[in-house]
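Here the structure comes first, spelled out in structure tokens, and everything after it is commentary.
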Amino acid sequence: MSSMRTILTSTALVGALGIGYAMWSVISPSEGRKKELLKHLPEANRVNMDETRRRNAQLMQVLKEASENPDNIARGFPPPKN
């Protein structure tokens, strides 16, 4: 009885993996579709990529300056007067 349960469990597991692989194969895009998707990504356009890098560099500079500042910048500028 134990061997029958092991065989049925193994068969169910292999079947579930097979169904998962079949679903993955159906859902995943074809090679041509992958190339088309890559062409339309923002990273494919050199101008957009340069603008994104420049914006990210500015943001990192602002964050660096904020981390070096002892004031709480979350309250806004100018700092509250006491």
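The values are calculated or read from the model by the stated rules, or taken from the named source; none is laboratory data. All values derive from a computational prediction rather than experimental measurement. Here the Cβ is made from the backbone with ideal geometry for all residues, glycine too, and neighbour counts use every protein chain on show. Each accessible area value is taken on the protein alone, full model and side chains, heavy atoms only, with ligands, DNA and RNA left out. Shrake-Rupley method; radii C 1.70, N 1.55, O 1.52, S 1.80 Å.
Miscellaneous remarks
- The chain shape via C-alpha gyration tensor axes, a/c threshold 1.5: oblate
- Efficiency of FRET from Cβ geometry, residue 31 and residue 52, R₀ 35 Å, rounded to 0.05: 0.80
- Helix 2-27 vs. the chain, principal-axis angle (Cα, 0 to 90°, nearest 10): 50 degrees
- Remark: the residue 19-residue 41 segment gains 4.8 nm on full extension, using 0.36 nm per residue and subtracting the alpha carbon distance.
- Cα centre as origin, Lys/Arg/Asp/Glu Cβ charges: the chain dipole, Debye: 120 debye
- Based on DSSP H segments of at least four residues, each scored -39500 (n - 2.57), the chain has a per-residue ellipticity at 222 nm of -24000 deg cm²/dmol.
- Listed residues 54, 33, 46 arranged by accessible area, highest first, probe 1.4 Å: 46, 54, 33
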